[in-house]
Amino acid sequence: MTDAAPEFLTVGTGEAARRIAVRVREGGGPPVVWLGGFRSDMTATKASALDAWAAQTGRRLIRFDYAAHGASSGTFTECTISSWLEDAEAVLAAYAIEAPILVGSSMGGWIACLAARNRAASGQATAGLVLIAPALDFTEELIWNRLSEAARAMLIRDGVLRKPSDYAPEPDPITRTLIEDGRRHCMLGGRVDPACPVHILQGMRDTDVPYMHALKILDRLPAEGTVLTLIADGDHRLSRPQDIARLVAAVAEMA
């Protein structure tokens with residue numbers, strides 16, 4: 001039951017080992033796996049709404065917190081896209097026995113695409129992707145490329161830059177390691193093929209992940225099986241009742 005305390009999965013070895021908090025709602029059908037955004041956690045509005053939908057419809061739903069997020073252990077400034085992808089893939093290996101539907105929000109959209117691509121390369125199927133304001137390559141496209149020369153110099157010199165956040169009282173710590181590691185995983189320089197259907201939900205008033213970014217992703221995805229829903233008055237969160245309804249409908253259709 002997801003109302004109980006989360007269970008923990010150990011990911012990594014030695015000093016890099018961390019305890020990843022996971023909540024599983026038992027049910028049928030392809031497992032739906034929630035991949036949250038940067039500094040978000042599995043109790044946030046959209047994840048909780050999907051859990052309620054799963055409870056009502058008898059679907060299997062898996063939620064987890066990346067290292068240094070929510071109930072999981074870890075130090076945020078030591079984490080990278082590589083480590084968070086490793087967390088996601090470990091959860092999929094342990095809990096998603098059937099081909100999963102990956103639901104990725106913001107950074108989670110990037111992680112979902114990377115995981116689906118890696119699964120396809122190893123002969124594992126993914127049933128589908130539902131991506132909310134997917135922030136593919138955000139460390140480069142949406143952070144580094146937006147920084148002033150002075151801010152870039154500070155980040156390189158100090159190893160960390162404190163970036164004000166609209167979603168938390170304290171600033172986001174952006175590390176040089178995060179930026180450099182992100183470059184290893186950039187996808188938008190070529191074709192993006194997760195080898196499964198994709199439905200993108202994107203707000204046109206999103207200032208964090210502009211809708212033009214979603215159009216760039218769309219251009220790199222296969223046309224077959226790909227859907228983009230633009231919400232003219234939607235922001236980055238897409239957490240209003242009408243937005244939640246669209247999300248649940250997209251996941252239900254994919255399922």
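Can you give the % of DSSP beta bridges in segment 1-108 that are antiparallel, to the nearest 5?
Of the beta bridges lying entirely in segment 1-108, close to 55 percent run antiparallel.
Check residue 221: other-chain or 5+ apart residues with amide H under 5 Å from its amide H, H built from backbone geometry?
192
Using the per-residue mean of other Cβ atoms lying within 10 Å as a proxy for protection, in what order, highest first, do the peptides 197-205, 117-125 fall?
197-205, 117-125
Kindly provide the pair-distance distribution of the chain built from C-alpha pairs, with 5 Å bins from 0 and whole-percent values in order of increasing distance.
1, 6, 14, 19, 20, 18, 13, 6, 2, 1, 0
Taking the simple approach of a point 7 Å from Cα along Cα-to-Cβ for both residue 152 and residue 224, what is their distance in nm?
So the two model labels end up 4.1 nm from each other.
Could you give each residue of segment 221-235 its phi-based ³J(HN,Hα) in whole Hz, using Karplus coefficients 6.51, -1.76, 1.60 with θ = phi - 60°, and x for Gly or Pro?
Each residue of segment 221-235 in turn: 8, x, 5, 5, x, 10, 10, 10, 10, 9, 10, 4, 9, x, 9 Hz.
Which value at 222 nm does the chain reach when only helices count, each DSSP H run of 4 or more adding -39,500 (n - 2.57), with the total divided by all residues and rounded to the nearest 500 deg cm²/dmol?
Helices in the chain give a 222 nm mean residue ellipticity of -10000 deg cm²/dmol.
Given R₀ = 30 Å, what would the calculated FRET efficiency be for residue 94 paired with residue 15, taking r from the Cβ atoms and rounding to 0.05?
Given R0 = 30 Å and the Cβ-Cβ separation, E is 0.85.
Any read-out appearing in this document is the output of simple, stated calculations on the displayed coordinates, not a laboratory observation. Bear in mind that the values here come from a model prediction, so they are computed numbers and not experimental data. No Cβ is skipped: glycine too gets one built from the backbone with ideal geometry, and neighbour counts run over all protein chains shown.
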